[in-house]
1. Whose amide H sits under 5 Å from the amide H of LEU7, counting only residues 5 or more places off or on another chain, with H placed in the peptide plane?
2. Per-residue ellipticity at 222 nm for the chain, helices alone: DSSP H runs ≥ 4 residues times -39500 (n - 2.57), over residue total, nearest 500 deg cm²/dmol?
3. Quick check: residue separation of ALA416 and TYR269 times 0.36 nm, minus the Cα distance between them. What number comes out in nm?
4. Which of LEU324, GLN398, LEU409 sits farthest toward the positive end of the charge dipole of the chain, with +1 on the Cβ of Lys and Arg and -1 on the Cβ of Asp and Glu?
5. Suppose a student asked you for the relative contact order of the chain, using Cα pairs under 8 Å spaced at least 6 residues apart; what percent would you report?
6. How far, in nm, would the chain grow between SER397 and GLU173 when pulled straight, counting 0.36 nm per residue and subtracting the alpha carbon separation?
7. Work from the charge dipole of the stretch 42-92 (Cβ charges, +1 for Lys and Arg, -1 for Asp and Glu, about the Cα centre) and give the residue of ILE82, SER46, LEU62 farthest towards its positive end.
8. Running a GNM on the chain with Cα contacts under 10 Å, which residue among GLN398, GLN193, GLN329 ends up with the highest mean-square fluctuation?
Amino acid sequence: MKSKIGLIGLATMGKNLARNIARNFHISVYNRTTEKTEEFIKEFGSEKLTGTKTLEEFVESLEKPRKIILMVKAGNGVDAVIDELTPLLDKGDIIIDGGNTHYPDTERRQARLVEKNIHLIGMGISGGEEGALNGPSMMPGGDKNAYESLKEILVPSSADDGDNGKCISYIGEGSSGHFVKMVHNGIEYGIMQLIGETYDILKNIGKLNNQELAETFGNWNKSRNSFLLEITQKIFTQKDEDKNKDLIDLIKDTGKQKGTGKWTSIAAYDLGVSTPTIHASVDARIMSGSIRLRSRKLPSKTLSPEIPDNLKNLVEDALELSTLCTYFQGLELMKAASIEKKWDLNLGEIMRIWRGGCIIRSDYLSLLQESENTKILEFFDSEAQTNWRETISLATSQGIPSPALSASLAYWDSIAKDKLPQNLTQAQRDFFGAHGYERIDKEGNFHTEW
């Protein structure tokens, strides 16, 4: 019996996704290291899982047109696997790249494979190893007809959206699926940094211990159902088995990254979209790893304001409004890309499929599904905005860096302000470079001999 679909790459995500699919369909798996395939089949083998030792055997085991998911680390490895696969495939076969691939690479590969009449679907997958096993959010982009032939297999394996739907939807043509996943990860960077900054404020200004921090983040999450708040609560209760100490206090404060946040920033700059919270979060990880710079003992002059009794309420509001600003920035970036690339992205549908399975899932996404939802503005038109400002002011006075919180507030203020100071910038550019400027009282481009 031939398999409905195949999967290449049995690292953690690949293994779990294969097990997920095997609940409903027969799937063949292949890994470059044969021992890994054998171990996987020995541990999780079932009548719906077939292990193969060679690519030829793997390809031969699949129904036609063949459907193959690549769960390979993004980069040259994906090209290498595609190069090996292509001679074994026939016209109409479909390759699904499920990794965190940079969308320009997807465009390049699609252009190459379309000449051979082989489809490449760039499919973002979010949810980590647990999501891959129990239902991730899936963001497929590429040829629509190719996706239609995959739906019956992929839909049952995706997460539930909480409203009788599944967290998968056709995103659009070309590399749109991987672009949307990249933006998802950029938002993820931003929210994680915001949570980190609120932790810093509560710990060092509010003097909360780890148990109190766990309770605080847990209480905040009751009305938000945020995956990132949920895991933050759990992290503060985790003990180190060897030293019987809170594990969080033993973890080095050097943030790592795989590049998707940086890619989001680059795309935003290229498309002319402001995403300051995401930029700040990428920069914060870079700064955390700048050990030589951080090792310098620099003077820090702080103020001594009275610590408010309602500090937790202030910080909660600052986190909430900053988080919403981060989502806004991601939405604006996807809007700009959709226009530039002619993808016709359905942003409300993207918000829906992020409601389950993925890392940035939260109840905010239900509100964001509506493009003109005025309920969102109610969050900002309240005392919460005052608390947001007080939180950042307090952090600054105490020498607590809050780059993402501050960037979020500056983003909001820039949108809300009637006039920005870039009229002076334009005058300066014209003064030293004769770049010209526009006027508010008449049409055209002007230059002054200053």
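The values are calculated or read from the model by the stated rules, or taken from the named source; none is laboratory data. Owing to the predicted nature of the structure, the values given are computational and were not obtained by experimental measurement. Virtual Cβ from ideal backbone geometry, glycine too; neighbours counted across all protein chains shown. To get the accessible areas, we keep the full protein, side chains included, count just its heavy atoms, and leave off ligands, DNA and RNA. Shrake-Rupley method; radii C 1.70, N 1.55, O 1.52, S 1.80 Å.
1. SER28, VAL29, TYR30, ILE69
2. -16000 deg cm²/dmol
3. 50.8 nm
4. GLN398
5. Reported relative contact order: 13 percent.
6. Computed gain between SER397 and GLU173 is 75.7 nm.
7. Value computed over the given set: SER46.
8. GLN398
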